[in-house]
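Report on the following structure.
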2 protein chains.
Amino acid sequence: MPLAEPTETLSTPATDATERILAAAKDLFSESGFDAVSMNAIADRAGVSKANVFHHFKSKNDLYLAVLKIACSKSHAQIDQLGSDKDSFVARLRDYSVSHLASILQDEKISRLIQRDLLENGPQRGKEFAEQVFGQNFARLVDILRSGQKKGELRKEIDPAMLATLLIGADVFFFQSREVLRHFPDVSFTAAPERYSAMLAEILLHGILPKP
Amino acid sequence: MPLAEPTETLSTPATDATERILAAAKDLFSESGFDAVSMNAIADRAGVSKANVFHHFKSKNDLYLAVLKIACSKSHAQIDQLGSDKDSFVARLRDYSVSHLASILQDEKISRLIQRDLLENGPQRGKEFAEQVFGQNFARLVDILRSGQKKGELRKEIDPAMLATLLIGADVFFFQSREVLRHFPDVSFTAAPERYSAMLAEILLHGILPKP
DNA sequence: CATTACATTGACCGACCGGTCAGTCAGTGC
DNA sequence: GCACTGACTGACCGGTCGGTCAATGTAATG
């Protein structure tokens, strides 16, 4: 729990040019990527002059980093309910499978932004942000899986990190490929993410082989 | 007819400016994406003038499409050995799991190029190419799974398209995230793709629950 | 040799890029 | 009234972008 910003998100919602710039930048960057978005376009959508954008953010990269930081901090708070011990391990994993994909789909712009960032940059820029927030969620998921494994709720041959990768990867792949998958006649679940999540949990829990 | 060169792909490999341009464009596009690569850079790397690039390709988009077309056609021929009936279904699926990931990792540039294209464009451009080649492999995989299911080698509750999505998605996610995953202390398989493939098959075949 | 066809080139264009700058304006403390 | 500040702007900078074009080289054909 780092520090929670007071109420500025509600005190100056539309009046503050900075927030309008940030919102415009988030939209445009997530739609088209860093290079394809000009500062003129951001300024136009925010309803301010380009010079004013440079007044609030010292460079295009600085603005991009600010957008990414906000996006990451928002996705911080989400994946916290899956640790509760009240239900059975199987039920909790099913819950996680559904809620994780739902949270990815909830703010498509943020997901696309982070995903794009992980792909685009070779050397530097916001990679650390994404790695940090992604790594945090990943480690938390691995911990939960490992503790479940110690209680015998998970086969001991399973690598928890492998399972975590599979859980996250299945959702990420669904998110980024659903527009393509949608056109395949064999695929029936693109319009029903919760069904995808359910089938995913089913396969992971029981495998694909017939019961002997 | 003093000149008789039937196999032009081998007769003029490096002399032909067109091929040098295509190779340079493939490298640069896969490294940095469409927008971030200038025609000057492509011309420089190919060792020709920029005007000559426009002589052989009518626009930047045209060159990009040509590169994508070649990339897709190359990946066409690969995923064909998994249909052979000689081995058991389990063995074939294990084989596929390994060989599919290996083929993705084999030509990283092509994989990155296609992946980037699927992410970048909203409306048009090479999406059809990727959909076509991807859809072909996907349909083939689904067919094989479905036939195995009819023979009782696969639980009848399993959706073949879902399983295919999982198989492909796990590999794609591994490919695109391994640079990030590599820094996570829990992850031990980033340097050993064949171990990742083996664990994937293990989990999919038998599930993660302890045997009753 | 003249002609034809094409590969190749440097010079060049208008548009737009990220970024700067001098200056306007509203608000605030004294 | 005055000084000061920060938000804000239009005009502008050097540079790069995709793309064009007239001219040159070069080899084959007549």
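The values are calculated or read from the model by the stated rules, or taken from the named source; none is laboratory data. All values derive from a computational prediction rather than experimental measurement. Using ideal geometry, Cβ is built from the backbone for each residue, glycine included, and neighbour counts are taken over all protein chains shown. Side chains included, ligands, DNA and RNA excluded: accessible areas come from the protein's heavy atoms. Shrake-Rupley method; radii C 1.70, N 1.55, O 1.52, S 1.80 Å.
From B:Leu163, B:Leu167, B:Leu204, grab the single residue that is closer than 26 Å to A:Ser188 by Cα and more than 7 Å from every other protein chain (Cβ to nearest Cβ).
When all the criteria are applied, what remains is B:Leu167.
Conditions tested, residue by residue: (1) modelled with pLDDT of 85 or more; (2) under 14 Å from the mean Cα position of the chain (by Cα).
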residue	(1), (2)
B:Asp107	no, yes
B:Leu113	yes, yes
B:Arg125	no, no
B:Glu131	no, yes
B:Phe138	yes, yes
B:Lys150	yes, no
B:Glu153	yes, no
B:Glu157	yes, no
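Exactly one condition in (1) in contact with a Leu (Cβ under 8 Å, 6 or more places away or on another chain); (2) under 24 Å from B:Ser38 (Cα atoms); (3) not aromatic (Phe, Trp, Tyr) is false for A:Asp35; which is it?
Looking at each condition in turn, A:Asp35 falls short on (1).
Among the residues of the range A:160-189, count how many are surrounded by 19 or more Cβ atoms within 10 Å (Cβ to Cβ), closer than 25 Å to A:Ile114 by Cα and β-branched (Val, Ile, Thr).
Within the range A:160-189, residues that are surrounded by 19 or more Cβ atoms within 10 Å (Cβ to Cβ), closer than 25 Å to A:Ile114 by Cα and β-branched (Val, Ile, Thr) number 3.
Among (1) within 16 Å of DNA strand D (Cβ to nearest atom); (2) within 14 Å of chain A (Cβ to nearest Cβ); (3) more than 20 Å from A:Leu119 (Cβ to Cβ); (4) modelled with pLDDT under 85, where does B:Lys60 come up short?
It is condition (4) that B:Lys60 fails.
With the structure loaded, tell me whether A:Ser38 is open to solvent by 10 Å² or more (accessible area, probe 1.4 Å), within 14 Å of chain B (Cβ to nearest Cβ), within 11 Å of DNA strand D (Cβ to nearest atom) and within 24 Å of A:Glu108 (Cα to Cα) or whether it fails that test.
In short, yes.
Counting only residues that are in a loop (DSSP other than H, G, I, E, B) and open to solvent by less than 50 Å² (accessible area, probe 1.4 Å), which one in the range B:47-66 is nearest to DNA strand C (Cβ to nearest atom)?
If we take residues in the range B:47-66 being in a loop (DSSP other than H, G, I, E, B) and open to solvent by less than 50 Å² (accessible area, probe 1.4 Å), then B:Val48 is nearest to DNA strand C (Cβ to nearest atom).
Matching residues to (1) more than 7 Å from every other protein chain (Cβ to nearest Cβ); (2) open to solvent by 40 Å² or more (accessible area, probe 1.4 Å); (3) touching a residue at least 60 places away in the same chain (Cβ under 8 Å):
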position: B:Arg112; (1), (2), (3): yes, yes, yes
position: B:Leu141; (1), (2), (3): yes, no, yes
position: B:Glu153; (1), (2), (3): yes, yes, yes
position: B:Arg195; (1), (2), (3): yes, yes, no
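Give just the number: which of (1) within 8 Å of chain A (Cβ to nearest Cβ); (2) open to solvent by less than 50 Å² (accessible area, probe 1.4 Å) does B:Glu157 not satisfy?
That leaves (2) as the condition not met.
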